[in-house]
1. Would you kindly state how much longer the chain becomes between ASN201 and HIS291 on full extension, computed as 0.36 nm times their sequence separation minus their alpha carbon distance, in nm to one decimal?
2. Straight-line reach from LYS414: which lysines have Cα under 20 Å away, leaving out those fewer than 8 places along the same chain?
3. Over the heavy atoms of ILE217, what accessible area does a 1.4 Å probe trace out, to the nearest 10 Å²?
4. If we count every other residue with Cβ under 15 angstrom of PRO263's Cβ, Lys/Arg +1 and Asp/Glu -1, where does the sum land?
5. Where in region 319-409 are there trypsin sites (Lys or Arg not before Pro) that are in a DSSP coil and have at most 16 other Cβ atoms within 10 angstrom of their Cβ?
6. Would you mind getting the accessible area per residue of the chain, heavy atoms of the protein chains only, 1.4 Å probe, in Å²?
7. Shape of region 99-152 from its Cα gyration tensor (a ≥ b ≥ c, root eigenvalues): rounded if a/c is under 1.5, otherwise prolate when a/b > b/c, or oblate?
8. Can you send over the carbon and sulfur percentage of the accessible area for region 251-367, probe radius 1.4 Å, protein chains only?
Amino acid sequence: MTEILEIWGGHPLCGTVEIPSAKNSVLPLLAASVLCREKVCLEKIPQLSDVQVSLALLRELGVSARQSGNRVLIDAERDISSSLSTEMMRKMRASVLFLAPVLSRTGAVDASLPGGCKLGARPIDIHLDGLEKMGATIHWHEERLYLRAPHGLKGTEYTLRCPSVGATETLLMAAVCAKGTTVLHGTAREPEIMDLADFLNTCGGHITGAGSDTIRIEGVPSLLGGTYTPVPDRIVAATVACACAAAGGCITMHGVQAELFEPVLEVLEKAGCTVQRENESVTVERRQLLHGVGLVETGVYPGFPTDAAPLLAAALLQAEGESCIRDTIFPKRFACAEGFSAMGAQVQLEGPALHIYQGKAMHGARVRAQDLRGGAALAIAALGTAGKTEISDVFYMKRGYEDMKSLFRQLGVKVRTKKK
Ligand code: EPU
């Protein structure tokens, strides 16, 4: 049985939306809670399937973890297990974030390779190399990974081969309770990294420099607990902004700062939208035809976010003139191109780049989500296209969007879900 999202598009969107905490901040924070010897409370947490998987992984370790409304409560005071099942590991990419905190806390971790959206090869060599430099031994047996550090991890100076978000998070979590000082060079600078460091510091960690390319961590014996509200979801905000660009209308987003997704807003302005930036809200409006923007290249923060590449592409399908979006992070970012074509769009994939040409009017179609952001991009394309579009495999979208149907309804869209 697959869930199908039916969208009747071609009408302007209008309304206000509250932006939830960022999935990509919540997931590392849930993993980091393993390090806390007192209770942790996380606020404004969306109900996402990836959050549910993280809570299940915590419970598998023997940690008490539950979501009640938009609050998550975790209690890792008792001794925990050091084994993560292959079945749970394969459910998402962010399961890899549990390796370091479990290893740090228990001196051992048994796991397997993580799953996640198929955006091309997604190795974990930097995570493992950094942990090895901090004293862990690594052993593979029948597709299971065994990490050991019976005498604890130790501080080191380490340069990441590339500024991987996940590897930076792994090494932050490994270093926070390691013996001595760790200095990480070439780290990712995404807001979610700063959020993780802020959370760890709230719980008693000593981390400075997060948000720059060098982070210094003075190891502490253990972490306490605390209450924390993660950073707003800049990709959900980008999704709403691109939906407005695709369909026209005016949407105000509350609880998000423009600087978190400024590169997306700037391209939308270039395409013909107007953007109003306030302290804690952003309004996007599109009253005229969009125009093509030429070449947009994604990059690490503060560059154009890779996760927003398919979302922007979906909006630009409505533009007069050409655009090309090239993703420099993942080789297979645009699986949604197949769905765009089925809807009559003139697009062409060339390696990691998607060319968008001006074509005939688009039409509703039956399409299939193939990954999280690609699925959201199909929904955006549907909002900008007259007629009914049916998107199957909605479970991909549930990894990162709490309730797309309600979100779009709130903005005046006729939308419904059905099971098939
Ligand atoms: N990489 C390696 N070796 C490693 C780690 C990464 O070669 O050990 C490569 C990857 O293959 C990729 C690049 O480095 O080409 C960047 O990967 P990164 O590690 O930065 O990404 P990630 O941590 O796996 C997070 C987000 C992604 C987001 C990327 C980039 C989470 C849970 N996921 O993934 O979010 O696209 O950073 O910003 O934080 C999404 O939300 O839809 C999503 C895919």
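1. Values: separation 90, 0.36 × 90 = 32.40 nm, distance 4.53 nm.
Fully extending the segment from ASN201 to HIS291 adds 27.9 nm.
2. LYS388, LYS398, LYS405
3. In the full protein context, ILE217 sits at about 0 Å².
4. Details: positive: ARG189, ARG234, LYS270, ARG277, ARG326; negative: GLU190, GLU259, GLU262, GLU266, GLU269, GLU297, ASP307, ASP327.
Once positives and negatives cancel, what remains is -3.
5. On the way: sites: ARG326, LYS332, ARG333, LYS360, ARG366, ARG368, ARG373, LYS388, LYS398, ARG399, LYS405, ARG409; in loops: LYS332, ARG333, LYS360.
Those satisfying the criteria are LYS360.
6. Values: 16300 Å² over 420 residues.
Per-residue value: 39 Å².
7. Judged from the Cα gyration tensor, region 99-152 comes out prolate (a/c at least 1.5, a/b above b/c).
8. Details: 2410 of 5070 Å².
C and S fraction of accessible area: 48 percent.
The values are calculated or read from the model by the stated rules, or taken from the named source; none is laboratory data. These numbers come from a predicted model, not from an experiment. Virtual Cβ from ideal backbone geometry, glycine too; neighbours counted across all protein chains shown. For the accessible areas, the whole protein counts, side chains as well, though only heavy atoms, and no ligand, DNA or RNA atoms are used. Shrake-Rupley method; radii C 1.70, N 1.55, O 1.52, S 1.80 Å.
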